[in-house]
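Just so it is clear, none of the values below were taken in a lab; they were calculated from the coordinates. Here the structure is a predicted model, which means the values were calculated and not measured. When we count neighbours, we look across all protein chains shown, and the Cβ atoms used for this are built from the backbone with ideal geometry, even at glycine.
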């Protein structure tokens, strides 16, 4: 079982149970115990690259939680996948995605930053479209 599968398993278990804040912290610690941060970060993003929307919302929440603990994300890649998911699902919290984005970009909440006008983000979005349209997805 690769790290993405292990992360998915932890998030799915948490999703199926109504966890307290303390239990959520335990799940986060378990996820962090799976490897180096870069591997964890990539595993979280890999779930969002999948065409199955089931765990997108929960995964985005965990991205936010880890960000709150001071863990960082690659800006264009992360913002692109978040906004790509947002365009594909009506079930995601646009405000939460903006909160993650503004923290990644270090801009104010009421900033004029627009991911859809960011050349690096748009380039990543093109890559994501190709991944989503590949036969394995």
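Things worth noting here:
- Residue selected from the stretch 33-75 under the condition in a helix (DSSP H, G or I) and free of Cβ contacts under 8 Å to residues at least 24 places away in the same chain, by the criterion nearest to residue 133 (Cα to Cα): 38
- If only residues of the stretch 104-130 that are assigned to a helix (DSSP H, G or I) and in contact with a helix residue (DSSP H, G or I) (Cβ under 6 Å, 6 or more places away or on another chain) are counted, the one that is surrounded by the fewest Cβ atoms within 10 Å (Cβ to Cβ) is 120.
- Among the candidates 24, 78, 101, the residue that is part of a helix (DSSP H, G or I) and over 14 Å from the mean Cα position of the chain (by Cα) is uniquely 24.
- Pairs linking a residue in the stretch 80-99 that is without any contact (Cβ under 8 Å) to a residue 24 or more places away in the chain to a residue that is surrounded by 13 or more Cβ atoms within 10 Å (Cβ to Cβ), with Cβ atoms under 7 Å and 6 or more positions apart or on different chains, are 86/92; 86/97; 94/86.
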